[in-house]
1. Out of every Cα pair in the protein assembly as shown, what percent are spaced more than 28 Å from each other?
2. Among B:PHE98, B:ILE162, B:VAL230, which residue has its Cα positioned farthest towards the positive end of the charge dipole of the protein assembly as shown, with +1 placed on the Cβ of Lys and Arg, -1 on the Cβ of Asp and Glu, and the dipole taken about the Cα centre?
3. Hey, what's the Kirkwood Rh for the range B:178-254 if you take every pair of different alpha carbons, in angstrom?
4. Please work out the Cα center distance from the range B:116-194 to the range B:201-254, rounded to the nearest Å.
5. If you put +1 on each Lys and Arg Cβ and -1 on each Asp and Glu Cβ, how big is the dipole of the range B:2-250 around its Cα centre, in Debye rounded to 20?
6. So for the pair A:ALA61, B:ASP207, with labels modelled 7 Å out along Cα→Cβ, what separation do we get in nm?
7. Using 7 Å Cα-to-Cβ label points, what is the B:PHE135/B:VAL57 separation (nm, one decimal)?
8. Bins of 10 Å, beginning at zero and ending with the bin holding the largest distance: percent of Cα pairs per bin for chain B, please.
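Each value in this text was obtained by applying a stated rule to the coordinates, not by laboratory testing. Everything numeric here is computed off the predicted structure, so don't read it as measured data. Cβ placement follows ideal geometry from the backbone for every residue including glycine, while neighbour counts extend to all protein chains displayed.
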Amino acid sequence: MKKRLIFASVLAGLILTFGLGGNAMAAGESLGKCSVDDYVEKYGELGLTPENIAQEENINAIGEIFDSCIEAPSPIIPEINEVIWGGGAFVVLLALMLWKGFPAVQKIMNERSEKIATDLDEADKAKSEAQAVKSQYEAELADAKSAAAAVIEEARQQAEVLRSDLQQRAEAEIAEMKEQAAADIDTARERAMGDLQSEVSEIVVGAAERVVEANLDAEAQARLIENYINQVGSN
Amino acid sequence: MKILALEFPPVSHLFEWPDFAFEGTPLAMNKTVLVYLFAFALTLGLFLLAGSKKGLVPRGISHVAEGGINFVEDSIVAQTMGPDGKKYVPFLTTMFFFIFFSNIFEVIPFIQFPANARMAVPIAMALMVWVIYNFLGVKNQGFFGYIKNSLFPPGVPKALYIIVTPIEFFSVFIIRPLSLAIRLWANMVAGHLLLVTFAVLSATLWDSTYVGAVAPAAMLILMTGFEILVSFLQAFIFTILTAVYMGGAIHPEH
């Protein structure tokens, strides 16, 4: 409603200016028309007749009429009607502006400033809160990191212990296996030697029997075998 | 009047408009009066419209009103009167817009007349400013203090007061309102004459030669732009000088 009223006021002002101002907008009359108009107007006052018009005093009077059209009123002297309207318009405008116009805009500006100030305060507050939360998160993150590092370190140490333990056990097992293997080898070698010895003795005896084709007594056989084996072993 | 064979209207006919209402009375209305009334309606309408628009971000017409207030506050009052001048911002803002709108009709089509090319409002406002700054001077410094500070500026060798005091008297109490009014009036008269000259020249040369009208028409366009600047500048100068005089009356030490 208020907006419509203001719009209507402005429209009325426009119509007033362009409508009523139509005549006023026309540029002023020409010098010739002014002179003739004034001459016609004052013709009767001067009592001019075709007979006396050529007299010097009448020529001067007519000349003054023409001069008055050329000589404009001093432009620096204000016209009273314009002072009343223009000065009055400014005074009334000032009163209306101080009463309504200015406070309305100033109020909006102040409200905006207050809102912006409040919003900025809130933003500051939110920012400091966010900062606090961030620091807390950072602290927690740092804690988590150090905890993780501790866990990793512990795991590493445990792994190290485990590794050395396993290594020791493996080494022990290897040593044991080596011992076992050596023992097994010895046993196998001894067994093989025993087997070899009996095999060889049989072969030797058989061979000897065939060579000498004679039976030797047990003692001579043994000695012979022993010598043979030693001989074989040294080879 | 024949100037260089051109039919140039008499100068008075460019500034004096026939009455169209209440002829012959002190309330006679003419084109000048209409421009003043229109400047009145525009200033008030601008602020009432801007005052009815709420929103975090100013838009459209609010920019003009709020920008105007900020401009007067920051570029005029803050520079000349300091924080004490804040309460005079409404007065100075109204003055600025009223003068500006009265001036800018110089380039508005179909009107094309700066109302301040008539002496009425410049002298009325200058006298109002004279009353206000003298009142503020007496109010803030006391009658004798104001007279003393105005006529005997501190820091001047005493012997020079023989010369300085009469100059200051004329300057502060007589010349100031006149110079304020004449500066605005004369600038608008000169601007209007310039535009009319180039317009008449363009029209005449167009009628006779066509091509000859190009240069004055270009100047007419250029001068129209220049007069927009002058309209703003003269409103600004009138307002800032008012603020300077008021500030000087409130703070004599500056």
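1. For the protein assembly as shown, the fraction of Cα-Cα distances above 28 Å is 72 percent.
2. B:ILE162
3. 14.6
4. Their Cα centres are 24 Å away from one another.
5. 740
6. 3.6
7. 4.3
8. All Cα pairs, binned at 10 Å, distribute as 7, 24, 28, 22, 14, 5, 1 percent.
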